[in-house]
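Notes follow the structure.
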Amino acid sequence: MTGLGATTPLGGDVPSTWAALLAGVSSVHTLDNTWAEDYGLTCDFAATLKTAAAAVLTRQEVRRADPSAQYALVAAREAWADAGLGPRPGGVVDPERLAVVMGSGIGGIQTMLDAWDTVRERGARRLMPLTVPMLMPNSASAQVGIDLGARAGAHATVSACASGAEALVLGARLIRAGFADVVVAGGAEAAIHPLTLGSFGKMQALSTRREAPETASRPYCVTRDGFVMGEGAGALVLESAEHAQARGARIWAWLVGAGSASDAYDVAPPDPSGQGQLRAMRQALAEAGPAAARVAHVNAHATATPAGDGIEARAIVDALAEALGSREAALQVPVSATKSMTGHLLGAAGAVESIFAVLALRDRLAPPTTNIVELDPAIECSVVRDSPRPLPAGPIAALNNAFGFGGHNMALVFDSA
Amino acid sequence: MAHEANDVFDGLKEIIVDETGLADDAVTGEKSFSDDLLIDSLSMMTIVTLAEDKFGVEIPDDAVKDLATVQDAVDFIVGASA
């Protein structure tokens, strides 16, 4: 991995996001609108972008892209520049060896709903011609592919809240199978809207802690009551070892294991046995080879739903017990739930949290999990609370999980550079 | 409501600049949408849709192909609003 880029509720780029994360900043706030009153929402708070995409992109780019694709462009350009790949499009990469995988959980929902309002209220003649290319779920992937000049394929992974992590799984496999030398992979989401807040609320998946929104996202806490919606994008430059070494690239970390498994259980809640999640972790750890035995940090999916956090925590301990050789060793590995500060970026979460895992390896610091009033005794993992925890020197690895409605389970293992 | 040609030109120029990112002074009456301003058919439809909205006129699809230059569009809108 040679490049990182993000725009999140904590910051408009990777350095500002990471600094806020280590400082334990909450990005969750009451929304500056009347949606809750107008529509009877149980949740009137979310984690919105710190830096508006319109402040970074040109007016024409903003007009021609759904917000999700705008965020993807911001993140992908930062990752591209961070990797030192040269001027866009193309740079030093053979365009036919350059691919993009950009996932989204929900896609261009704001464009779609605005366009439906237009049709209903003013008739089809008033629709804008770019409506379909803006609302389609591959829109972010297409926009980034054009921007970077990627001709080896522009793919869109769609697996709800696992989309951004699935992009990395697919990206790693494209490189390993020889279809590309460089893949810009990540996820983007811009879905904070009364419809999604209302629907997630109806599933009782969202926190309703309206009196204290900044501490509402409480993974692993006994008082957790659901996730908090966020938005943003993350992108990572994956590069074959040969390509990166040939150009003398700075390497942030190695993506050594990518696992994917499906529950075949339910369209919403995860399989309570956690077997699907465990299979994804096992697969990633098996592919990681010797790095599996040095996993020293986990960035967990942990969205703060009452059921989900516990299922994952048990699966993490089981997976690490196998990889590290003992349950005792597994129970020592520091686990961070960074959604406590960013909120849940849905289809962008897996990409943004992979960036956090990579930075944790770089800086040897596991970020904190904030807002735990009382740790749920059912969580056996060694949860990093309140302030960052130092990680050991020498070669270490990190595990990142991302799971999505529909039973999509992704696990990624990163090895220190 | 009748529109003055000058007002229509200014309003249309604003839409074109907004859509394309062209410099303000690049948009003049004699410029061809496709050859000079390099506006493709979807961008042209976007401009037409926004112009219909702004000036309260209808520009039928089969009239759009006859709007070669910016001045052609100004004339059409002034005529349609007369």
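The values are calculated or read from the model by the stated rules, or taken from the named source; none is laboratory data. It should be emphasised that the depicted structure is a prediction, and the values quoted were computed from it without experimental measurement. Note that we place each Cβ from the backbone using ideal geometry, even for glycine, and neighbour counts take in every protein chain shown. Areas reflect the complete protein model, heavy atoms only, side chains present, ligands, DNA and RNA absent. Shrake-Rupley method; radii C 1.70, N 1.55, O 1.52, S 1.80 Å.
Worth a mention:
- Just the protein heavy atoms count here, and of the accessible area of chain A at 1.4 Å, carbon and sulfur take up 55 percent.
- Taking every protein chain into account, the 1.4 Å probe leaves A:Arg218 with about 30 Å² of accessible area, to the nearest ten.
- In this rough spin-label picture, where each label sits 7 Å from Cα along the Cβ direction, the B:Gln71-A:Val119 distance is 4.1 nm.
- Dipole of chain A, positive direction: furthest Cα of A:Thr2, A:Leu359, A:Leu98, with charges on the beta-carbon: A:Leu98
- Legend: calculated FRET efficiency, A:Arg88 to A:Glu328, from the Cβ-Cβ distance at R0 = 45 Å, rounded to 0.05, equals 0.35.
- The B and A chains share an interface that buries close to 1200 Å² of accessible area, total over both sides, probe 1.4 Å.
- Gap separating the Cα centres of the stretch B:6-70 and the stretch A:348-417, nearest whole Å: 52 Å
- Separation in nanometres of the label points that stand 7 Å from Cα toward Cβ, at A:Arg247 and A:Tyr39: 4.3 nm
- A:Glu239 accessible area, assembled protein chains, probe 1.4 Å, Å²: 20 Å²
- DSSP-defined antiparallel bridges as percent of all bridges, chain A, nearest 5: 65 percent
- Computed on the protein assembly as shown, the Cα convex hull volume stands at 148 Å³ per residue.
- Shown here for the stretch A:316-417: GluC sites (Glu not before Pro) in loop regions (DSSP other than H, G, I, E, B) with at most 13 other Cβ atoms within 10 Å, namely A:Glu374.
- In the full protein context, the stretch A:296-337 carries 29 Å² of accessible surface per residue, based on a 1.4 Å probe and ignoring ligands, DNA and RNA.
- With DNA, RNA and ligands ignored, accessible area of A:Leu135 (1.4 Å probe; Å², nearest 10): 40 Å²
- Solvent exposure of the stretch A:142-207, expressed per residue, is 34 Å² of accessible area, with all protein chains present and a 1.4 angstrom probe.
- Residues of the stretch B:5-81: accessible area per residue with a 1.4 Å probe, Å²: 48 Å²
- Cα centroids of the stretch A:149-193 and the stretch A:307-338: 27 Å apart.
- Degrees between helix B:41-55 axis and first principal axis of chain B (Cα, 0 to 90, nearest 10): 40 degrees
- Per-residue mean of C-beta atoms belonging to partner chains within 10 Å, peptide B:41-51: 3
- Alpha carbon centroid spacing (whole Å) that separates the stretch A:21-84 from the stretch A:240-283: 26 Å
- Label reach from B:Asp53 (point 7 Å along Cα→C-beta): in the stretch B:1-30, amide nitrogens under 16 Å belong to B:11-20.
- If R0 equals 25 Å, the separation of the Cβ atoms of B:Glu4 and A:Ala55 corresponds to a calculated FRET efficiency of about 0.10.
- Hypothetical label at A:Leu127: residues of the stretch B:56-79 whose amide nitrogen lies under 18 Å (7 Å Cα-Cβ projection): B:59-62
- Across all directions, the average projected area of the convex hull around the alpha carbons of the stretch B:5-81 is 4.3 nm².
- Relative contact order for chain A: 22 percent, from Cα pairs under 8 Å spaced at least 6 residues apart, divided by residue count.
- Each residue of the stretch A:36-98 gets 149 Å³ once the volume of the Cα convex hull is shared out per residue.
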